[in-house]
Amino acid sequence: MYNAMDETLLDYARTNSMVVITADLDYPRLLALTQEEGTGTILFRGGNFTEKQTLMLLSRALELIPISELEGSIIVIEQERIRRKRLPIT
């Protein structure tokens, strides 16, 4: 699925109850345009993250947000904050 279209990846994630982890702003845009309620997305924003930073911030986000609430949410991870937006985006 490395070269798959964004829509295909979102559909695959939705079908298989997976969460998309990305730095690509296209995923939240697609969810907003389609007003999807399903596929959870974790979005890294605001610069280049080292592997260590990525893992630390992802762990922190997963501590703050219950796994049961990941599906149906967009989690935005930035250097200084973590935000959650419920889907669908209207």
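Here are some notes:
- Unique residue being farther than 15 Å from GLN79 by Cα and either charged (D, E, K, R) or open to solvent by 60 Å² or more (accessible area, probe 1.4 Å) (or both) when the list is GLU36, GLU51: GLU36
- One residue stands out in the stretch 56-90 among those that are among the hydrophobic types (A, V, I, L, M, F, W, C) and open to solvent by 100 Å² or more (accessible area, probe 1.4 Å): the one that is nearest to the chain's Cα centre (by Cα), namely ILE67.
- Take the conditions (1) part of a helix (DSSP H, G or I); (2) open to solvent by 100 Å² or more (accessible area, probe 1.4 Å); TYR27 misses just one of them, which is (2).
- Given (1) of a type outside the set (A, V, I, L, M); (2) touching a strand residue (DSSP E or B) at 6+ places or on another chain (Cβ under 8 Å); (3) modelled with pLDDT under 90, number of the condition ARG84 does not satisfy: (3)
- Within the stretch 30-55, if we keep just the residues that are outside any loop (DSSP other than H, G, I, E, B) and under 11 Å from the mean Cα position of the chain (by Cα), the residue that is modelled with the lowest pLDDT turns out to be LEU31.
The values are calculated or read from the model by the stated rules, or taken from the named source; none is laboratory data. Please read these numbers as outputs of a predicted model, since none were measured by experiment. Cβ coordinates were reconstructed from backbone atoms using ideal geometry, including for glycine residues, and neighbour counts include every protein chain displayed. Ligands, DNA and RNA are excluded from the accessible area calculation, which covers all protein heavy atoms including side chains. Shrake-Rupley method; radii C 1.70, N 1.55, O 1.52, S 1.80 Å.
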